[in-house]
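**Student:** Encoded as structure tokens, here's the structure I'll be asking about.
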Amino acid sequence: MGATSGKAKKKPGVPEQPPEQPPASKVDKVGKSPNGQKMWTAESASKLQEAVDKVFGTDGSSLHGLEFSFSIADPLLEGCPLIGCSSGFTKLCGYGLKDIVGRNCRFLIDPVPVDQIDPKLRGHTKEFCEAVALGKEYRIPACDVEEWMPAGRQGDELFAMQVNARKDGSFFNNMFYMKAVDFGMELGKERPYIVALQSELPEGKKDLAKLAQNISQLDAKMIQVEKTLAVSFFLRVSVSRQLHSTMFLGSRKDDVSAVETEKDKSVTPPKSLTESFAPGQVQPWNDGRFKDVKLLAEATRNRGVVRLMQDLKDDQQFFAVKRMPNSWVQTSHEEFVRKYPTETEYPWQDIGCMKFLESQNFKNVCTLEGVYRDDKNTFVVSHFATEGDLFTVATSQASGTVGPERESAFASLVVELLSAVKQLHELQIVHRDLSLENVLRTKGADGNLVLKVIDFGMASRGRMFTNSKRGKPSYQAPEMHAGTMYDALLSDMFSVGVMVFCLLLKDYPWQTTKPGQCKCFDFVTQHGFRTYCQKRQVRGTKKMIAECLSEPLLQMLEGMVAVNPANRLTLGESQFKNSRKSIWDEPWMSNRVESL
């Protein structure tokens, strides 16, 4: 993020445009360039702090009760100087804007005694800034990884702490979470900046470990920051796990379709997905049966966690156990709806849908071992998917670089994903929350990998919906925001298209599909997906997306994520009676199916 005249646009804390920066040596301490242009003002700092407070909270309501501020650095300038900060940062360090803008952060650490400085992290910080300037990923070497550091993170961030000195000479433990963000006013002209979340940690690394243990909450906050930037800039960031962005509108009738899915006589779905599992089937929880192994994921929407547990009766058997408070789950679906009338995700529906799909021999669902309960919690126990979710697959360092080899390597996975969703639709189930996080991979009995679709809490046996927004921001079909009736078979297809894009390009195509909230998606709406791919660079390279995808694949993606659902490809479901173009007719798909 660059300097600004102080004039905000649309969102607090977002400058009107990144300026053309002069060399760092030409930026003086009052934050002006040689021609007298103001580079960052008190108004800019205040507005940025307003945005930070809106996302992270204040007065003890923030994450762990800490006060957060932001600073912005330009790695393409000599020394990677700060080019802006929030007013909270001036409060944190005691320096004014004229002392901060244009200076490298060394001024905060140089006065600190050598024995209080962490030289390794200081070196990693310098190397991180250099890597960002070169468009490269950076990860702390394994030999320097400390116990508190969160594992499996992206190579565009650095999470650290140093003792810093305030202007008055006092010392404080400064947490800085640095993240590389590419953005610009023109598509294809994005450039790297480093945004850093800062906070004083009274208890040092003990507080740092607490933050690391709640990294999913921190990630959710940073996604909100990115969404704020996406309103005014073309943004290019690494993929992060997304949380739901749903709003309940209208009545509960929205979750009973206005037009039900056309019946397939070979399938007899329950009237409600919750009917396949009766509350009377819940069993008492036996603490002595399972051994807790590790945390698999936060179940934020269900106020719980998912733990990996080992069956003590059979030490070769592992389960994913979702633990939720009884006060949340209640004793039945009906009680849950009465207690939480505005919720959009139903835990009993998730359980019931799993049981129904099992009864239909749907191979792409995790087997439900059982549902258990003690005095405090309900435990949903299902077979463990050994290879993790598709988000892990997409972001793995071993997944290869974007291009022809990656396209070929992921072909069978894409075909299996499309086949699984098609079969789900043929069973008269629409998922409405398809994402990289909600599809897992596991080894089957024959040793081959199998996809497993999870999280059916937003699923429905219906098809047509109005005022019913479901799913995560990047995956939501644009028609969900229109307030008109939409076809969930086609909105699921849009979500799958975003998943395929992410798998092959290691990036989201846009932050959100809500009009006016993401310049990238607004560009697609105005100019088309193909033009967007011709102008947008693949992150970390100088190549455009269209250069890295084969023409058949580009054509298929264009059909999958068509803004107008009338132009969108189908999965060839029987409900359409061959009245529309199917993805199986696409050259990319037909070639891959024949070769598999």
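**Student:** Determine whether segment 411-426 contains at least one residue that is part of a loop (DSSP other than H, G, I, E, B) and either in contact (Cβ under 8 Å) with a residue 24 or more places away in the chain or surrounded by fewer than 17 Cβ atoms within 10 Å (Cβ to Cβ) (or both).
**Tutor:** no
**Student:** Do the conditions hold for Asp487, that is, is it on the phi > 0 side of the Ramachandran plot, outside the structural domain of Gly352 (by TED's automatic domain parsing) and surrounded by fewer than 24 Cβ atoms within 10 Å (Cβ to Cβ)? Spell out how you get there, then give the answer.
**Tutor:** Details: on the phi > 0 side of the Ramachandran plot: no; outside the structural domain of Gly352 (by TED's automatic domain parsing): yes; surrounded by fewer than 24 Cβ atoms within 10 Å (Cβ to Cβ): yes.
Judged against the criteria, Asp487 is not a match.
**Student:** Can you go through Met480, Met464 and tell me which one is surrounded by fewer than 21 Cβ atoms within 10 Å (Cβ to Cβ), over 20 Å from Leu440 (Cα atoms) and not polar (S, T, N, Q)? It would help to see each step written out before you state the result.
**Tutor:** Working: Met480 fails: surrounded by fewer than 21 Cβ atoms within 10 Å (Cβ to Cβ).
Criteria check complete, one pass: Met464.
**Student:** Mind listing whichever residues of segment 466-482 are among the small types (Gly, Ala, Ser) and closer than 19 Å to Phe529 by Cα?
**Tutor:** Let us first name the residues in segment 466-482 that are among the small types (Gly, Ala, Ser), namely 468, 471, 474, 477, 482.
Correct list: Ser474, Ala477.
**Student:** Residues of segment 480-529 being in a helix (DSSP H, G or I), more than 18 Å from Asn438 (Cβ to Cβ) and without any contact (Cβ under 8 Å) to a residue 60 or more places away in the chain, which ones?
**Tutor:** Once the filter is applied, which keeps residues that are in a helix (DSSP H, G or I), more than 18 Å from Asn438 (Cβ to Cβ) and without any contact (Cβ under 8 Å) to a residue 60 or more places away in the chain, segment 480-529 yields His481, Phe521, Asp522, Val524, Thr525, Gln526, His527, Phe529.
Quick grid of which residues meet (1) assigned to a strand (DSSP E or B); (2) of a type in the set (A, V, I, L, M, F, W, C):
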{"position": "Val132", "(1), (2)": "no, yes"}
{"position": "Ala151", "(1), (2)": "no, yes"}
{"position": "Tyr177", "(1), (2)": "yes, no"}
{"position": "Tyr193", "(1), (2)": "yes, no"}
{"position": "Lys206", "(1), (2)": "no, no"}
{"position": "Met222", "(1), (2)": "no, yes"}
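**Student:** Is it true that Glu558 is acidic (Asp, Glu), in contact (Cβ under 8 Å) with a residue 12 or more places away in the chain and not in a loop (DSSP other than H, G, I, E, B)?
**Tutor:** Details: acidic (Asp, Glu): yes; in contact (Cβ under 8 Å) with a residue 12 or more places away in the chain: yes; not in a loop (DSSP other than H, G, I, E, B): yes.
Yes, satisfied.
**Student:** Hand me the list of helices (runs of 4 or more DSSP H) wholly inside segment 314-370 holding 3 or more residues that are under 25 Å from the mean Cα position of the chain (by Cα). Walk me through how you get there before you give the answer.
**Tutor:** On the way: elements: 326-329, 333-339, 347-359.
Of the helices (runs of 4 or more DSSP H) lying wholly inside segment 314-370, those with at least 3 residues that are under 25 Å from the mean Cα position of the chain (by Cα) span 347-359.
**Student:** Given the conditions (1) farther than 24 Å from Asp207 by Cβ; (2) of a type in the set (Lys, Arg); (3) at pLDDT below 90; (4) in a helix (DSSP H, G or I), report the number of the one that Lys136 does not fulfil.
**Tutor:** Going through the list (1) farther than 24 Å from Asp207 by Cβ; (2) of a type in the set (Lys, Arg); (3) at pLDDT below 90; (4) in a helix (DSSP H, G or I), Lys136 breaks only (4).
**Student:** Give the number of residues within segment 90-120 that are part of a helix (DSSP H, G or I), surrounded by 18 or more Cβ atoms within 10 Å (Cβ to Cβ) and out of contact with any Ser or Thr (no Cβ under 6 Å at 6 or more places or on another chain).
**Tutor:** Within segment 90-120, the subset part of a helix (DSSP H, G or I) is 90-93, 97-100, 106-109, 114-116, 119-120.
Adding the requirement that they be surrounded by 18 or more Cβ atoms within 10 Å (Cβ to Cβ) leaves 90, 92-93, 97, 100, 108-109.
Subsequent filtering for residues that are out of contact with any Ser or Thr (no Cβ under 6 Å at 6 or more places or on another chain) retains 90, 93, 97, 100, 108-109.
Selection size over segment 90-120: 6.
**Student:** Tell me the residue from Asn377, Asn467 that is modelled with pLDDT of 95 or more and either on the phi > 0 side of the Ramachandran plot or more than 23 Å from the chain's Cα centre (by Cα) (or both), please. It would help to see each step written out before you state the result.
**Tutor:** Details: Asn467 fails: modelled with pLDDT of 95 or more.
The match here is Asn377.
**Student:** Only one residue in Ile583, Ile545 is of a type outside the set (Asp, Glu), in contact with a helix residue (DSSP H, G or I) (Cβ under 8 Å, 6 or more places away or on another chain) and within 23 Å of Phe233 (Cα to Cα). Which one? Please lay out each step first, then the result.
**Tutor:** Working: Ile583 fails: within 23 Å of Phe233 (Cα to Cα).
The conditions single out Ile545.
**Student:** Return the residues of segment 195-209 that are modelled with pLDDT of 90 or more and touching a Phe, Trp or Tyr at 6+ places or on another chain (Cβ under 8 Å); say none if nothing qualifies.
**Tutor:** Val195, Ala196, Leu197, Gln198, Ser199, Glu200
**Student:** Test each condition in (1) part of a helix (DSSP H, G or I); (2) within 19 Å of Arg241 (Cβ to Cβ) for Arg432 and report the one that comes out false.
**Tutor:** Tallying (1) part of a helix (DSSP H, G or I); (2) within 19 Å of Arg241 (Cβ to Cβ), Arg432 fails exactly one: (1).
**Student:** While we're looking at this one, here's another question. Which of the residues spanning segment 153-175 are over 30 Å from Val538 (Cβ atoms) and assigned to a strand (DSSP E or B)?
**Tutor:** Residues of segment 153-175 over 30 Å from Val538 (Cβ atoms): 161-175.
Within segment 153-175, Met161, Gln162, Val163, Asn164, Ala165, Phe171, Phe172, Asn173, Asn174, Met175 qualify.
The values are calculated or read from the model by the stated rules, or taken from the named source; none is laboratory data. Just so we're clear, the structure is a prediction, and the values are computed from it rather than from any experiment. Every residue, glycine among them, receives a Cβ derived from its backbone with ideal geometry; neighbour counts consider all protein chains shown.
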